[in-house]
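Visitor: Here's a structure for you.
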Amino acid sequence: MRMLIYSLGILFILFSSNFGMLLTGFIIVGIAEGQILLLHGLLWAENAPKENRARHCGVAQVAWGLGAAVVCITR
């Protein structure tokens with residue numbers, strides 16, 4: 001369902017004819033992506049081995065942070 005909402009937002013952005021539609025699309029995509037990322041972290045923590053759970057969650061957080069940093073640096 002979340003991916004369907006994400007896709008709907010992308011379609012809004014692609015076929016926007018004015019600023020209001022573009023802004024609505026970005027808001028929909030942002031909310032859907034936020035929900036997807038939240039679930040990703042929860043699933044990562046739930047499926048990690050019990051003895052290394054904190055390490056796995058920490059690596060995931062660092063990876064998300066580095067990904068954003070790389071995008072900002074390469075622009």
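Throughout, read-outs are computed from the coordinates displayed, never taken from laboratory work. Everything quoted here is computed from the prediction, not taken from an experiment. Using ideal geometry, Cβ is built from the backbone for each residue, glycine included, and neighbour counts are taken over all protein chains shown.
Visitor: Roughly what angle does helix 53-74 make with the longest principal axis of the chain, taking Cα atoms, 0 to 90 degrees, to the nearest 10?
Guide: 40 degrees
Visitor: When the helices in the chain are scored as -39500 (n - 2.57) per DSSP H run of 4 or longer and the sum is shared across all residues, what 222 nm value do you end up with, to the nearest 500 deg cm²/dmol?
Guide: Taking each H run of at least 4 residues, the total per residue is -29500 deg cm²/dmol.
Visitor: Taking other Cβ within 10 Å of each residue's Cβ, how do ARG2, ARG55 sort, fewest first?
Guide: Ranking ARG2, ARG55 by Cβ neighbours within 10 Å, fewest first, gives ARG55, ARG2.
Visitor: Here's something else I'd like to know. Which ordering of PHE26, PHE15 is given by a fewest-first count of other beta-carbon atoms within 10 Å?
Guide: Ascending Cβ contact count within 10 Å gives the list PHE15, PHE26.
Visitor: Which one is right for this structure if mean projected area of the Cα convex hull in nm² is calculated from it: (i) 6.2; (ii) 11.1; (iii) 5.0?
Guide: Step by step, mean projected area of the Cα convex hull in nm² for this structure corresponds to label (i).
Visitor: Please order SER17, SER7 by the number of other Cβ within 10 Å, starting at the fewest.
Guide: SER17, SER7
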